[in-house]
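Okay, so here's the structure we're looking at.
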Amino acid sequence: MKRPDAIDEEIVLDPSKYIVSKTDPKGIIEYANDYFVEISGYGREELIGTPHNILRHPDMPRIVFKMMWDRIKKSENITALVKNLAKNGKYYWVVTEFETKKDKRTRKIISYTAFRKAAPRDAIEKIIPIYKKLIALEKIGGMEASEKFLVEFLKENNTTYDEYIDNIVQNKGLFKMFFAAMRKLFK
């Protein structure tokens, strides 16, 4: 399936709804909840069996996805602020957390479930200039350049990636309870 061309038009998400998808260990979609189908613009039959990166927006730095994959492959959760691409070329912003599922006998990863909520507007405004800088660096020096910048940015701000994202998305209180409830519900 061909990724659509991006257009500069946002799909504003309903903050009371959530998006859930499950992939196999290689990122192939196995499950998509109704809201995911609605917002992405793809039919469920189009999504199932398709690589999740069909939703990757060109405004997203590759280093962010590398960090996400590095962490979830180690069964470590990560909260990320992601700009996704819908089938019609529009975009939508989400805060995403992950749950890794392992085979009880072999302990091998068998799936990843992603839980997403609408990203707070002020968090989006804070992350856009950082993502633009990372993309510009990736065009010049590859992912190594963007990773170096990100590491230095976090060090200068005396924070980790997780702390920075938690802070700008206000990942506490009800927001944090939402992700905990989703992990429990889909376990």
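The values are calculated or read from the model by the stated rules, or taken from the named source; none is laboratory data. Treat the numbers as computed from the prediction; the structure is a model and nothing was measured. Note that we place each Cβ from the backbone using ideal geometry, even for glycine, and neighbour counts take in every protein chain shown. Surface accessibility is based on the protein's heavy atoms, side chains included, excluding ligands, DNA and RNA. Shrake-Rupley method; radii C 1.70, N 1.55, O 1.52, S 1.80 Å.
Can you pull out the GluC sites (Glu not before Pro) in the stretch 1-75 that DSSP calls coil and that have at most 11 other Cβ atoms within 10 Å? Provide the component values of the computation, followed by the final result.
Working: sites: Glu9, Glu10, Glu30, Glu38, Glu45, Glu46; in loops: Glu9.
Of the GluC sites (Glu not before Pro), the ones in loops of the stretch 1-75 whose Cβ has at most 11 other Cβ atoms within 10 Å are Glu9.
Suppose every K and R has +1 on its Cβ and every D and E has -1 on its Cβ; what is the size of the dipole of the chain about the Cα centre, in Debye to the nearest 20?
Numbers: 35 positive and 27 negative charges, 173 e Å.
The dipole magnitude comes to about 820 debye.
In the chain, carbon and sulfur make up what percent of the accessible area (probe 1.4 Å)?
Carbon with sulfur: 53 percent of the solvent-accessible area.
For the chain, what number results from the quotient of the Cα radius of gyration and 2.2 N^0.38 Å?
Taking N as the residue count of the chain, the ratio is 1.00.
Can you find, among Ile78, Val169, Pro58, the residue farthest towards the positive end of the dipole of the chain? Put +1 on the C-beta of Lys and Arg, -1 on that of Asp and Glu.
The Cα lying farthest towards the positive end belongs to Ile78.
Note the direction-averaged projected area, equal to a quarter of the hull surface, for the Cα convex hull of the stretch 89-172, in nm².
Convex hull of Cα atoms, orientation-averaged projection: 8.1 nm².
Set the bar at 19 Å for Cα to Cα. Now go through Lys26/Lys74; Lys73/Lys133; Lys17/Lys83; Lys26/Lys148; Lys73/Lys132 and name every pair that lies beyond it.
Table pairs above 19 Å Cα-Cα are Lys73/Lys133; Lys26/Lys148; Lys73/Lys132.
I'd like to check one number: the per residue accessible area of the chain, probe 1.4 Å, reported in Å² as a whole number.
55
Taking only complete DSSP H runs, can you tell me which helices of the chain stretch 20 Å or more along their own long axis by Cα positions and average at least -1.0 on the Kyte-Doolittle scale? Spell out each step's value before the answer.
On the way: long enough: 121-156 (30 Å, 0.07).
Those that clear 20 Å and a mean of -1.0 are 121-156.
Among the lysines, select those whose C-alpha is under 18 Å from the C-alpha of Lys87, and discard any that sit fewer than 8 residues away in the same chain.
Reachable lysines: Lys2.
Taking the Cα centre as origin and putting +1 on Lys and Arg beta-carbons and -1 on Asp and Glu beta-carbons, what dipole magnitude results for the stretch 101-173, to the nearest 20 debye?
660
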